[in-house]
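Have a look at the structure below before the remarks.
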Amino acid sequence: MIGSQTKTMRDVFLEQIYRIMKRNKKIFFLSADFGAPTLDSIRKDYPDRFINVGIAEQNLINVSTGLALEGFTVYAYGIASFLTMRAFEQIRINLAMLSQIRQVNVNLIGVGGGMSYVVSGPTHHCLEDLSIIRTLPNILLFSPSDWVLAEQFANYTINNKGPKYIRFEGKPVVQIYDEKQKIDFTKGFNQLFRGEKICIVSNGYMTHRALEVRDTLASENIKVGVIDVFLLKPLNEKLLYERLKQYKYIITIEEAFLGKGGLDSLISDILTKNKSSIVLNKMGIGDSYTFNIGNREYLHKINNLDGIFIAKKIKKLLSKI
């Protein structure tokens, strides 16, 4: 299912927004002094609808909210860890709270989800954002696994009003979805492969890890399912459970702290609501920050998130059946 093209999520998304801005004069783009190749074109061609607020994420949310209240569709762009955590109070009051009584179409574009910025250390690792954004009512949470999802989501942000947090991987990724495939965002997930007894549930960059593990085990005639959850909120939980109940074991893998409200908590809640006997295994980052410096593979290995460790865990679970 994985294609051959490698692209950066933010680039294809911004290119789509740039095209839409040509025909839609009600779009504003704001940046917290954070660049991208396409951003130069937006700034050059639409100077009256582009604002760089500087390294001031809190003000980014304030200005975005003001523009949205005047009827504009707003895109606010910054580094994921700073956008969500430095400006959390503004997101809570100006977006989550206010959108309950007024229409506020502000789209927060956070680049660098998980451990994208590998060499920048724990200040730039974004392991808490899924948890904290999920606590807020009225905010959509989108965490795509490839650039095809990111590209198609651009039109969705125009037509579906309300605040959104869009969590992008910082590095280029190989496509998973077919460009000709029309994504159904109302489901919030997609079962990429159906397995037999075990299914890996993942989101974002970790769906690539899940597919790697799936391919490794397939070579040993072990069929593992893979479900990509790209919309953590809202999510069609009823339909997702229909897929989950086919399995005896579910393994969640994510670049986020374990048991803190991220993907693992979401799946756990679904199983609990349905009084399911499915055994859930959670894999992610333990209750500590990672100060080690190295590439993604190294950081995953020291946190027991590398493909070899995950494959061994699955085979150990299967040996108990």
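No lab work stands behind these numbers, since they all come straight from the coordinates. Small disclaimer: the values here were computed from a predicted structure and weren't measured. Counting neighbours? That spans all protein chains shown, and the Cβs are built from the backbone with ideal geometry, glycine included.
So the values come out like this:
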{"item": "Span from the segment 93-170 Cα centroid across to the segment 15-64 one, whole angstrom", "result": "16"}
{"item": "Extension gain, residue 174 back to residue 196 (0.36 nm per residue minus Cα-Cα distance, nm)", "result": "5.3 nm"}
{"item": "Inter-label distance, nm, simple model (7 Å from Cα along the C-beta direction), residue 220/residue 308", "result": "1.3"}
{"item": "Added length on full extension, which subtracts the Cα-Cα distance from 0.36 nm per residue, residue 33 to residue 120", "result": "29.6 nm"}
{"item": "Förster radius 22 Å - calculated FRET efficiency between residue 297 and residue 317 (Cβ-Cβ, nearest 0.05)", "result": "0.40"}
{"item": "Derived scalar couplings ³J(HN,Hα) [segment 27-33; Karplus, 6.51 cos²θ - 1.76 cosθ + 1.60; whole Hz; x for Gly, Pro]", "result": "10, 10, 10, 10, 10, 8, 6"}
{"item": "Loop-exposed GluC sites (Glu not before Pro) per DSSP, neighbour cap 12 Cβ within 10 angstrom, longest uninterrupted part of the chain", "result": "71-178"}
{"item": "The chain - Rg over Rh from alpha carbon coordinates, Kirkwood radius", "result": "0.97"}
{"item": "Residue with peak Gaussian network fluctuation, the chain [Cα springs, cutoff 10 Å], from 238, 180, 301", "result": "180"}
{"item": "Shape call, segment 266-321: gyration tensor on alpha carbons, a/c limit 1.5", "result": "oblate"}
{"item": "Residue 62-residue 269 FRET efficiency (beta carbon distance; Förster radius 41 Å; 0.05 resolution)", "result": "0.80"}
{"item": "Rough spin-label spacing in nm, given labels placed 7 Å along Cα→Cβ, for residue 55 and residue 22", "result": "3.6"}
{"item": "Residue order, fewest to most surrounding Cβ atoms within 10 angstrom, among 92, 102", "result": "102, 92"}
{"item": "Neighbour net charge for residue 219 - beta-carbon separation under 15 angstrom, K R +1, D E -1", "result": "+1"}
{"item": "Choice from 250, 308, 42 with maximal GNM fluctuation in the chain (Cα, 10 Å cutoff)", "result": "308"}
{"item": "With at most 15 other Cβ atoms within 10 Å, longest stretch of the chain clear of loop chymotrypsin sites (Phe, Trp or Tyr not before Pro) (DSSP)", "result": "1-288"}
{"item": "Estimated dipole of segment 6-174 in Debye, rounded to 20 [Cβ of Lys and Arg +1, of Asp and Glu -1, Cα centre]", "result": "460"}
{"item": "For the chain: relative contact order, % (alpha-carbon pairs under 8 angstrom, 6 or more apart)", "result": "17"}
{"item": "In segment 1-49, the trypsin sites (Lys or Arg not before Pro) that fall in loop regions by DSSP, at most 14 other Cβ within 10 Å", "result": "25, 26"}
{"item": "Gyration tensor (alpha-carbon) shape descriptor, segment 189-316, a/c threshold 1.5", "result": "oblate"}
{"item": "Point-to-point label distance, residue 48-residue 186, nm (Cα→Cβ direction, 7 Å offset)", "result": "3.8"}
{"item": "Estimated 222 nm signal from helices in the chain, with DSSP H stretches of n ≥ 4 weighted -39500 (n - 2.57), rounded to 500", "result": "-10500 deg cm²/dmol"}
